[in-house]
1. Within the group 18, 62, which residue is touching a residue at least 60 places away in the same chain (Cβ under 8 Å) and at negative phi?
2. Just to be sure before I move on: is residue 104 over 15 Å from residue 140 (Cβ atoms), more than 14 Å from the chain's Cα centre (by Cα), at pLDDT 95 or above and part of a loop (DSSP other than H, G, I, E, B) in the structure I sent?
3. Provide a single number: the residues in the stretch 79-99 that are surrounded by fewer than 19 Cβ atoms within 10 Å (Cβ to Cβ) and either under 12 Å from the mean Cα position of the chain (by Cα) or assigned to a helix (DSSP H, G or I) (or both).
4. Criterion first (in a helix (DSSP H, G or I), touching a residue at least 24 places away in the same chain (Cβ under 8 Å) and touching a strand residue (DSSP E or B) at 6+ places or on another chain (Cβ under 8 Å)) does residue 36 satisfy it?
5. Residue by residue through the stretch 11-33, note down the ones that are part of a loop (DSSP other than H, G, I, E, B) and within 14 Å of the chain's Cα centre (by Cα).
6. Check residue 42 against each of (1) farther than 22 Å from residue 135 by Cα; (2) buried (at least 20 other Cβ atoms within 10 Å of the Cβ) and name the one condition it does not meet.
7. In the stretch 47-69, what residues are within 13 Å of the chain's Cα centre (by Cα) and either over 29 Å from residue 118 (Cβ atoms) or not in a strand (DSSP E or B) (or both)?
């Protein structure tokens, strides 16, 4: 696995498959690091918008972050969405709506207690009937591993 964290720029190389980690950043646990751990034995490039140290009061950093996410979403071969229950994830909802209207591979996971669960499930089903929504990170990882994105020798996913 290769790891790219904002604000570092991803420069795709031939043969690489990249996945953008879309979902809650503020007001929720660092689920991205758990996902990085769960996918560490893959050959994927993971694009993480969540910075270890983000200068929240710096308007230039905020603008840079928005641009990084916009460009990285377009470079990514696939987008993984995770909706934790602690926050509504308004930007991730916007991104899901945007990318649901394309043929880019998306993987959608929702914590069972996420407040807008029914909306995400139904809208995804209507826009992308090919996408099965998962209700745990381990199932989401299994879905990615069994997709055409990875070439794995052996990966064990705990259920």
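The values are calculated or read from the model by the stated rules, or taken from the named source; none is laboratory data. Here the structure is a predicted model, which means the values were calculated and not measured. When we count neighbours, we look across all protein chains shown, and the Cβ atoms used for this are built from the backbone with ideal geometry, even at glycine.
1. On the way: 62 fails: touching a residue at least 60 places away in the same chain (Cβ under 8 Å).
So the residue among 18, 62 that is touching a residue at least 60 places away in the same chain (Cβ under 8 Å) and at negative phi is 18.
2. Details: over 15 Å from residue 140 (Cβ atoms): yes; more than 14 Å from the chain's Cα centre (by Cα): no; at pLDDT 95 or above: yes; part of a loop (DSSP other than H, G, I, E, B): yes.
In short, no.
3. Step one: list which residues in the stretch 79-99 are surrounded by fewer than 19 Cβ atoms within 10 Å (Cβ to Cβ), which gives 85-88, 90-91, 93-94, 97-98.
Still in the running and either under 12 Å from the mean Cα position of the chain (by Cα) or assigned to a helix (DSSP H, G or I) (or both): 90-91, 93-94, 97-98.
Qualifying residue count for the region: 6.
4. Numbers: in a helix (DSSP H, G or I): yes; touching a residue at least 24 places away in the same chain (Cβ under 8 Å): yes; touching a strand residue (DSSP E or B) at 6+ places or on another chain (Cβ under 8 Å): yes.
Taking the combined requirement at face value, the residue satisfies it.
5. Filtering the stretch 11-33 for residues part of a loop (DSSP other than H, G, I, E, B) gives 11-16, 24-30.
Result: 24, 25, 30.
6. Tallying (1) farther than 22 Å from residue 135 by Cα; (2) buried (at least 20 other Cβ atoms within 10 Å of the Cβ), residue 42 fails exactly one: (1).
7. Going residue by residue through the stretch 47-69, those that are within 13 Å of the chain's Cα centre (by Cα) are 47-50, 69.
Residues satisfying the conditions are 49, 50, 69.
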